[in-house]
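A.B. asks: There's a structure below that I have some questions on.
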Amino acid sequence: MTWELFVFLFLAASALVSALLVVSSREIVHSVIALATCFIAVACLFVMLSAEFVAIIQIFVYVGAVVVVILFGIMLTKREIMESERR
Amino acid sequence: MNLYEFCYGIIHWLVDLVNNLWYWLGDVLPWVFGDFFDAVGDFAASDSNIAFFTILTEVLIIVIIALINVLNFIWLDRKFMGRMFDFYGPYYVGYRIGGWLQNLADGIKLFVKEIITPAKADRVGFLLAPVIFISSSFLALATIPLGRDFGIATNESGAGVPAGVLVAFAMFAIAPFSILIAGWSSNNKYTLIGGMRSAAQMMSYEIPMLLTVASVLLLAGSFSFSGVVDAQHDLWFAIPLFLGFIVFMVCLMAEVEIQPFDLPEAEAELVEGWTTEYCGMRFGLFMMTSYLRGYIGGALATALFLGGWHGPELIPDPIWFLIKAYTVFVIVEWTRWSLPRVRVDQILDIGWKRLMPLAVLNLFIAVAFKTMGWF
């Protein structure tokens with residue numbers, strides 16, 4: 001087993017696990033953290049495919065902008081609504 | 001000789017030294033583990049292992065230089081503030097070197113303080129936010145070379161990270177995310193408001209900043225730091241793109257949250273902004289990282305606008321780079337301690353209505369220069 005395969009398996013597993021956490025975690029901010037982790041892992045996979053530019057833009061656009069916009073959206077909505085839905 | 005070759009030489013010499021001893025041990029005790037000793041020695045001397053430890057040494061050197069610069073910056077900041085406000089600044093600890101050791105004393109004090117996690121805090125976010133903030137800042141640091149041959153990015157062929165400028169700004173762009181997480185998970189109104197303000201400010205000042213960076217990259221025709229700096233061999237970009245330089249500096253001050261734009265940690269309104277609930281070394285690391293971001297900002301301004309490591313040959317490249325970065329930092333400090341804080345309703349106006357058109361105008365100027373064929 002080469003190092004490259006090992007790193008690929010690690011990154012793919014972290015992307016998949018964090019993607020699962022996005023839909024399964026009970027606290028909605030935790031799922032945003034998992035979403036960011038998923039995006040970063042995908043960016044690392046792009047680096048492994050020697051597509052560095054795509055990886056940089058992925059981090060720029062997704063982690064730098066999309067995740068923050070989603071976080072803004074979550075934090076500006078009323079928390080009691082989500083709390084009551086959970087019960 | 002570049003940094004890679006220097007570290008390679010050191011590591012190679014060390015491995016040879018240890019390996020001689022190791023093989024001798026294997027010869028002395030052949031009846032136990034002779035083959036084992038040989039295998040370990042061969043692994044230690046293999047190319048990939050030496051390359052790995054070479055890069056590790058490079059990282060160590062760059063981080064140590066950056067942390068020494070951060071200590072200098074904090075000291076310079078406090079001394080300069082003292083000079084402007086008519087008091088001495090740090091004075092007693094390290095009396096003979098102008099109170100320079102005060103930072104180390106503060107660091108030790110923060111190390112021995114108790115680390116408290118608030119009971120109602122969201123533990124995952126509370127623990128994760130400093131990690132993301134600090135690691136992304138250090139990754140931005142990793143891309144910046146102090147000289148043509150002096151940076152983590154320089155490998156044996158002398159080439160840097162592909163698109164190093166973009167990597168630095170992409171790593172800068174991660175910070176608002178961690179700040180929002182820190183502000184939310186502390187479960188405190190002050191931190192939440194501070195985090196919101198910080199993220200809104202950073203997101204809105206990032207766009208004019210990136211537009212000015214785009215104009216620089218357009219003139220240089222390269223995404224890498226060495227390409228951008230080499231394009232400034234005859235003329236610094238601060239001269240043709242003076243407007244862009246001003247916009248970049250203002251945006252930089254907003255990005256690293258210093259005085260005219262330090263709304264996220266306005267002491268009079270929000271206790272300590274988004275770091276209110278952090279204590280002990282976690283707060284210390286946040287504060288150190290914010291100064292580190294100041295250092296990175298000064299280095300970026302130097303590399304993109306002030307000709308990087310170019311200068312008369314008398315002084316070596318990295319020293320030129322640091323002189324320019326320190327000058328940028330002192331000018332930033334000067335404005336920092338002279339201006340009052342911007343009001344919260346003015347901050348987005350300045351970003352979107354003033355700086356944004358100026359940045360677009362600057363981009364047009366750069367395009368005009370490029371189409372005229374002057375660069």
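The values are calculated or read from the model by the stated rules, or taken from the named source; none is laboratory data. The shown structure was predicted, so the numbers you read here are calculated from the model rather than taken from an experiment. Backbone-built Cβ (ideal geometry, glycine too); neighbour counts: all protein chains shown.
A.B. asks: Kindly indicate whether any position in the range A:31-48 is modelled with pLDDT of 85 or more, part of a helix (DSSP H, G or I) and touching a Gly at 6+ places or on another chain (Cβ under 7 Å).
C.D. replies: yes
A.B. asks: Whether any residue in the range B:143-152 is surrounded by fewer than 16 Cβ atoms within 10 Å (Cβ to Cβ), in contact (Cβ under 8 Å) with a residue 24 or more places away in the chain and of a type outside the set (Ser, Thr, Tyr) is what I want to check.
C.D. replies: Among the residues of the range B:143-152, not one is surrounded by fewer than 16 Cβ atoms within 10 Å (Cβ to Cβ), in contact (Cβ under 8 Å) with a residue 24 or more places away in the chain and of a type outside the set (Ser, Thr, Tyr), which makes the answer no.
A.B. asks: Only residues that are surrounded by fewer than 20 Cβ atoms within 10 Å (Cβ to Cβ) and over 22 Å from the mean Cα position of the chain (by Cα): list them for the range B:196-235, please.
C.D. replies: B:Leu218, B:Gly221, B:Ala231, B:His233, B:Asp234, B:Leu235
A.B. asks: What are the residues in the range B:207-263 that are of a type in the set (Asp, Glu) and within 20 Å of B:Thr335 (Cβ to Cβ), if any?
C.D. replies: If the condition is that a residue be of a type in the set (Asp, Glu) and within 20 Å of B:Thr335 (Cβ to Cβ), then B:Glu255, B:Glu257, B:Asp262 are the ones that fit.
A.B. asks: A follow-up question, please. Sort through B:Met196, B:Met202 and tell me the only one that's modelled with pLDDT of 80 or more, within 12 Å of another protein chain (Cβ to nearest Cβ) and under 30 Å from B:Leu322 (Cβ atoms).
C.D. replies: B:Met202
A.B. asks: Quick check: is even one residue across the range B:154-169 crowded, with 19+ Cβ neighbours inside 10 Å, part of a loop (DSSP other than H, G, I, E, B) and either over 21 Å from the mean Cα position of the chain (by Cα) or facing chain A (nearest Cβ under 10 Å) (or both)?
C.D. replies: Yes, that holds for at least one residue.
A.B. asks: Regarding A:Arg26, is this residue within 13 Å of chain B (Cβ to nearest Cβ), over 25 Å from B:Ala163 (Cβ atoms), modelled with pLDDT under 90 and touching a Lys or Arg at 6+ places or on another chain (Cβ under 9 Å)?
C.D. replies: yes
A.B. asks: Next up: Looking for something under 14 Å from the mean Cα position of the chain (by Cα) and of a type in the set (Val, Ile, Thr) - is there at least one such residue anywhere in the range B:66-73?
C.D. replies: There is at least one residue in the range B:66-73 that is under 14 Å from the mean Cα position of the chain (by Cα) and of a type in the set (Val, Ile, Thr).
A.B. asks: Inspect the range B:213-224 for any residue being touching a residue at least 40 places away in the same chain (Cβ under 8 Å), within 14 Å of chain A (Cβ to nearest Cβ), part of a helix (DSSP H, G or I) and not small (Gly, Ala, Ser) and give the result as yes or no.
C.D. replies: Yes.
A.B. asks: I'm trying to understand the selection: among the residues of the range B:251-281, which are assigned to a helix (DSSP H, G or I) and surrounded by fewer than 23 Cβ atoms within 10 Å (Cβ to Cβ)?
C.D. replies: B:Met253, B:Gln259, B:Pro260, B:Glu265, B:Met281, listed by residue number.
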